[in-house]
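Just so it is clear, none of the values below were taken in a lab; they were calculated from the coordinates. Note that the coordinates shown come from a computational prediction; the quantities given were computed from them, not determined experimentally. Heads up, the Cβs are rebuilt from the backbone with ideal geometry, glycines too, and the neighbour counts pull from every protein chain shown.
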Amino acid sequence: MVVCVCNALREKDVRAAVKNGAGCPSSAYAALGCRPRCGQCFPFTRAIIAEERSAA
């Protein structure tokens with residue numbers, strides 16, 4: 001599923017970034033070589049981060 005249309009980031013990419021240590025949307029984007037633009041994806045990105053943290 002596409003999480004961020006602006007950067008064409010997929011859910012699996014964000015999950016991988018979190019597994020590699022990203023703790024917030026901005027750090028996840030930085031780990032993926034981009035930066036947030038419009039911010040519409042932040043709520044979903046935060047939910048993914050929370051899921052990954054609770055699963056760890």
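Quick notes on this one:
- Extension gain for ASN20-CYS38 works out to 4.1 nm (0.36 nm per residue, less the C-alpha to C-alpha distance).
- Amide hydrogen neighbours beyond the local backbone of VAL3, cut-off 5 Å, H modeled: LEU9, ARG10, GLU11
- Trypsin sites (Lys or Arg not before Pro) within the chain, DSSP loop, no more than 16 other Cβ atoms inside 10 Å: ARG37
- Based on Cα contacts under 8 Å between residues 6+ apart, the chain shows a relative contact order of 38 percent.
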